[in-house]
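*Asks:* Have a look at the structure that comes next, please.
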2 protein chains.
Amino acid sequence: MTSDQAQAPTATVTTPTDREIRIERIFNAPRDRVFALYTDPELIPEWWGPYGTTAEVDEMDVRTGGRWRFVMHNSDGSQTGFRGAYREVTAPERIVQTFEWEPMAGHVSVDTATFEDLGDRTRVVTTSIFHTTEERDGMLGSGMEGGLQETYQRLDALLERLVG
Amino acid sequence: MTSDQAQAPTATVTTPTDREIRIERIFNAPRDRVFALYTDPELIPEWWGPYGTTAEVDEMDVRTGGRWRFVMHNSDGSQTGFRGAYREVTAPERIVQTFEWEPMAGHVSVDTATFEDLGDRTRVVTTSIFHTTEERDGMLGSGMEGGLQETYQRLDALLERLVG
């Protein structure tokens, strides 16, 4: 089982409370390396977003109080923005940031990502909290899970390329 | 009592749940006029913020999905920013917007203001919801209530000037 999981990890999505989404995923790389990819503006375009999209970093000031904004370019030429602010950046353990999809401006989640050192692997748990259950359910219904699994697969591939 | 209230209205601040702040205030002007002042970028510098400050409107796109940003200039020359996005603007009844003080970037409340028509007066109820109780309590402990009472007194004075 362990070797199967190592070959094809998937993210587990749960709803621990009526305002939260919890996502757990194992990456086959040491914690410092995974944390580095999450926080490197140069590498965001290599992995952030589902297959067929390319993220452009408009702003990414990775420190407490800093802001971030990515523009996602789709294969049909359309684009859409995402933004937020960093509430806490504690390398290599923890990032707390807000998340807002611009077409749903004013709907803001707080996403806490923790990076657990498992030796040559890393467990990343991201908990998103919303102001209301309706907003949480809106996110769940948006197709985010499929996009998320693809994003993590792209991150797997990038981690592998950077090692090689 | 009614005439006393009309002469010196004060805002009532309560905490209906552990993540909310509710503020109720009567203004001695018809609803259309009060709503107009809340949504007019030209007039924000005349009333938004406590005595001794001047608000500068950097951005104020009063429609669903639009963004706002004000810079508050203090009498000592310092300045601080506030920003958010409009989730709903239904004239002259209701405005839902996010609120973020830039030095506390990533701490975002959703503020719902309702404007109730009382004839020649208007009841404005603003309910702010926070992601956590800690953030709600941080706002309560920030001295916001004093600043709020002064802001509303400045709005009273402006409403009176515009009638006269």
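The values are calculated or read from the model by the stated rules, or taken from the named source; none is laboratory data. Remember, predicted model here, so these are calculated numbers, not experimental data. A quick note on method: Cβ atoms are made from the backbone with ideal geometry, for glycine too, and the neighbour counts reach across all protein chains shown. These area figures cover heavy atoms from the full protein model, side chains too; ligands, DNA and RNA do not enter into them. Shrake-Rupley method; radii C 1.70, N 1.55, O 1.52, S 1.80 Å.
*Asks:* Of the residues A:GLY143, A:GLY84, which is away from every other protein chain (no Cβ under 14 Å) and among the small types (Gly, Ala, Ser)?
*Replies:* Numbers: A:GLY84 fails: away from every other protein chain (no Cβ under 14 Å).
Selected residue: A:GLY143, the only one of A:GLY143, A:GLY84 that is away from every other protein chain (no Cβ under 14 Å) and among the small types (Gly, Ala, Ser).
*Asks:* Moving on to the next point. Applying the selection to region B:33-58, what residues are over 16 Å from the mean Cα position of the chain (by Cα) and within 20 Å of B:ARG87 (Cα to Cα)? Lay out the reasoning, then the answer.
*Replies:* If we filter region B:33-58 for residues that are over 16 Å from the mean Cα position of the chain (by Cα), which is where we start, we get B:52, B:58.
If the condition is that a residue be over 16 Å from the mean Cα position of the chain (by Cα) and within 20 Å of B:ARG87 (Cα to Cα), then B:ASP58 is the only one that fits.
*Asks:* May I ask you to say which residue of A:VAL124, A:VAL62, A:VAL110 is touching a Pro at 6+ places or on another chain (Cβ under 9 Å), aliphatic (A, V, I, L, M) and modelled with pLDDT of 95 or more? Don't jump to the end; show me each part of the working.
*Replies:* Numbers: A:VAL124 fails: touching a Pro at 6+ places or on another chain (Cβ under 9 Å); A:VAL110 fails: touching a Pro at 6+ places or on another chain (Cβ under 9 Å).
Residue meeting the stated conditions: A:VAL62.
*Asks:* Right, next: With the checklist (1) open to solvent by 40 Å² or more (accessible area, probe 1.4 Å); (2) of a type in the set (Gly, Ala, Ser); (3) assigned to a loop (DSSP other than H, G, I, E, B) in hand, flag the one item A:ALA36 doesn't pass.
*Replies:* Result: A:ALA36 passes all but (3).
*Asks:* Still on this structure, I have one more. Quickly run through region B:21-33 and pick out the residues that are open to solvent by less than 40 Å² (accessible area, probe 1.4 Å) and part of a strand (DSSP E or B). Talk me through it step by step, then tell me what you get.
*Replies:* We begin by selecting, within region B:21-33, every residue open to solvent by less than 40 Å² (accessible area, probe 1.4 Å); these are B:21, B:23, B:25-27, B:29.
Within region B:21-33, B:ILE21, B:ILE23, B:ARG25, B:ILE26, B:PHE27 qualify.
*Asks:* Taking into account only those residues within region B:53-78 that are more than 19 Å from B:LEU43 (Cα to Cα) and not small (Gly, Ala, Ser), which is farthest from the other protein chains (Cβ to nearest Cβ)? Working first, answer last.
*Replies:* Our first condition is that a residue be more than 19 Å from B:LEU43 (Cα to Cα); within region B:53-78, this holds for B:64-65, B:75-78.
Imposing the further condition that a residue be not small (Gly, Ala, Ser) reduces the set to B:64, B:76.
Values: B:THR64: 8, B:ASP76: 22 Å.
Among residues in region B:53-78 that are more than 19 Å from B:LEU43 (Cα to Cα) and not small (Gly, Ala, Ser), the one farthest from the other protein chains (Cβ to nearest Cβ) is B:ASP76.
*Asks:* Could you check region A:73-93 and list, in sequence order, the residues that are buried (at least 17 other Cβ atoms within 10 Å of the Cβ) and out of contact with any Asp or Glu (no Cβ under 8 Å at 6 or more places or on another chain)?
*Replies:* Across region A:73-93, the qualifying residues are A:ARG87, A:VAL89.
*Asks:* Let me ask something additional. Which residue pairs have Cβ atoms closer than 7 Å, lie 6 or more positions apart in sequence or on different chains, and pair a first residue in region A:11-22 that is in contact (Cβ under 8 Å) with a residue 40 or more places away in the chain with a second residue that is open to solvent by 60 Å² or more (accessible area, probe 1.4 Å) and assigned to a loop (DSSP other than H, G, I, E, B)?
*Replies:* Cβ pairs passing all conditions: A:ILE21/A:THR15; A:ARG22/A:PRO16.
*Asks:* Given the criteria outside any strand (DSSP E or B) and either touching a strand residue (DSSP E or B) at 6+ places or on another chain (Cβ under 7 Å) or away from chain B (no Cβ under 12 Å) (or both), does A:GLY49 qualify?
*Replies:* Working: outside any strand (DSSP E or B): yes; either touching a strand residue (DSSP E or B) at 6+ places or on another chain (Cβ under 7 Å) or away from chain B (no Cβ under 12 Å) (or both): yes.
So A:GLY49 fits the description; yes.
*Asks:* Is it the case that A:GLY119 is open to solvent by 20 Å² or more (accessible area, probe 1.4 Å), away from chain B (no Cβ under 12 Å) and at pLDDT below 95?
*Replies:* Working: open to solvent by 20 Å² or more (accessible area, probe 1.4 Å): yes; away from chain B (no Cβ under 12 Å): yes; at pLDDT below 95: no.
For A:GLY119, the condition - open to solvent by 20 Å² or more (accessible area, probe 1.4 Å), away from chain B (no Cβ under 12 Å) and at pLDDT below 95 - is not met.
*Asks:* Any idea which of (1) part of a helix (DSSP H, G or I); (2) surrounded by 15 or more Cβ atoms within 10 Å (Cβ to Cβ) is the one B:GLU134 doesn't satisfy?
*Replies:* (2)
*Asks:* Which numbered condition trips up A:ALA105, out of (1) without any contact (Cβ under 8 Å) to a residue 12 or more places away in the chain; (2) surrounded by fewer than 13 Cβ atoms within 10 Å (Cβ to Cβ); (3) within 14 Å of chain B (Cβ to nearest Cβ)?
*Replies:* Just one mismatch for A:ALA105, condition (2).
*Asks:* If you don't mind, there's one more thing I want to ask. Does B:THR126 fit the bill of being under 22 Å from B:LEU159 (Cβ atoms), more than 8 Å from every other protein chain (Cβ to nearest Cβ) and not basic (Lys, Arg)?
*Replies:* On the way: under 22 Å from B:LEU159 (Cβ atoms): yes; more than 8 Å from every other protein chain (Cβ to nearest Cβ): yes; not basic (Lys, Arg): yes.
In short, yes.
*Asks:* Additional query: Looking at (1) free of Cβ contacts under 8 Å to residues at least 24 places away in the same chain; (2) among the β-branched types (Val, Ile, Thr); (3) open to solvent by less than 50 Å² (accessible area, probe 1.4 Å), which one does B:THR54 not meet, given that it meets all the others?
*Replies:* Tallying (1) free of Cβ contacts under 8 Å to residues at least 24 places away in the same chain; (2) among the β-branched types (Val, Ile, Thr); (3) open to solvent by less than 50 Å² (accessible area, probe 1.4 Å), B:THR54 fails exactly one: (3).
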